[in-house]
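Notes follow once the structure below has been shown.
The values are calculated or read from the model by the stated rules, or taken from the named source; none is laboratory data. Note that the coordinates shown come from a computational prediction; the quantities given were computed from them, not determined experimentally. When we count neighbours, we look across all protein chains shown, and the Cβ atoms used for this are built from the backbone with ideal geometry, even at glycine. With ligands, DNA and RNA removed, areas are computed over all heavy atoms of the protein, side chains included. Shrake-Rupley method; radii C 1.70, N 1.55, O 1.52, S 1.80 Å.
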Amino acid sequence: MTKTVVVTGANRGLGLEYCRQFLEKGYKVYACCRAPESAEDLLKLKQQHCEKLETVPLDVTHPAQRTNLKNTLQGEQIDILINNAGIYGQRVKFGEVESEEWLKVMKVNTIAPVLLVQELVKLMPQGSKIVLMTSKMGSIADNTSGGSYIYRSSKAALNAVGKSMAHDLSDKGISVAICHPGWVVTDMGGPNALIDSRTSIKGLMAVIERLGPENSGQFINYDGALIPW
Ligand SMILES: NC(=O)c1ccc[n+]([C@@H]2O[C@H](COP(=O)([O-])OP(=O)(O)OC[C@H]3O[C@@H](n4cnc5c(N)ncnc54)[C@H](OP(=O)(O)O)[C@@H]3O)[C@@H](O)[C@H]2O)c1
């Protein structure tokens, strides 16, 4: 039977590359993004894979749009849910941090993934998988340079969310991976990043393939190595 994956932030960067690689593997892909009508790269992919790729409008912070996604998926099951949408927020130094920007980033990076999983979990069967796209910047053990209060804390909190979700969903047979993609050339990663999105997502596809109850709740690099919290 054809497997189904839902990807958020699917119009560019790592989300778009997830869509490409899941389509190559024969999945039905629900590609969610804020403005599907102007998502040029996604629309090109749709021309090649018309019946296997559905685009769905989704701002992950928007309650009615999360519900609309659930309604769109009624009658389907979700085998894999990739919570990929994320923002860095303003790059402010100590002394410049302010709460409005911080809350905005937390809403996208930390809170929206929980609310989306809560909305969709009834469509996820035993054996299904949830991926949270976090960052090594959220590792407290790895923080040797300080700064980045907003982004670091949003991803550290997402890591805590992932661990709780792994416990809470284990009796449903749903597994959770808390994944760092590497430092990747995208709009967020910038041009000096170390790897391209194809390499990153190829590695993460293997991580997702191996994901199951025995390794649910791990903080894991794109190459499969565990990352200290
Ligand atoms: N690139 C890296 O080196 C790196 C490293 C560690 C972790 N990550 C994580 O990996 C994920 C993907 O990163 P990326 O490098 O692909 O970033 P990116 O190129 O900046 O793309 C971010 C994606 O998130 C979407 N997005 C932002 N806010 C949204 C919202 N409210 N609702 C729905 N979609 C929203 C964007 O959509 P719009 O086009 O509409 O803005 C875009 O599709 C993020 O969670 C990021 O934190 C990336």
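Structure notes:
- Listed by chain and number, the lysines whose C-alpha is less than 23 Å from the C-alpha of residue 44, apart from same-chain residues fewer than 8 away, are 3, 25, 28, 52, 202.
- Estimated from helices alone, the mean residue ellipticity of the chain at 222 nm is -11000 deg cm²/dmol (sum of -39500 (n - 2.57) over DSSP H runs with n ≥ 4, per residue).
- Here the accessible area is traced with a 1.4 Å probe on the protein chains. For the chain, carbon and sulfur cover 52 percent of it.
- Within a Gaussian network of the chain (alpha carbon springs, distance under 10 Å), most fluctuating of 42, 169, 158: 169
- Lysine pairs in the stretch 70-179 with Cα atoms under 25 Å, if 8 or more residues apart or on separate chains: 27
- Low-density loop positions, chymotrypsin sites (Phe, Trp or Tyr not before Pro), the stretch 66-139 - DSSP coil, at most 10 other Cβ in 10 Å: 94
- Size estimate for the stretch 68-169 follows the Kirkwood approach: the inverse of mean 1/r over distinct Cα pairs works out to 14.8 Å.
- Prolate/oblate/rounded label for the chain (Cα gyration tensor, a/c 1.5): rounded
- Probe 1.4 Å, protein heavy atoms only - accessible area per residue of the stretch 57-207 in square angstrom: 48 Å²
- Sorted on the mean count of surrounding Cβ atoms within 10 Å across their residues, most packed first, peptides 126-132, 71-77 read 126-132, 71-77.
- Each part gets one Cα centre, and for the stretch 204-228 versus the stretch 120-146 those centres are 10 Å apart.
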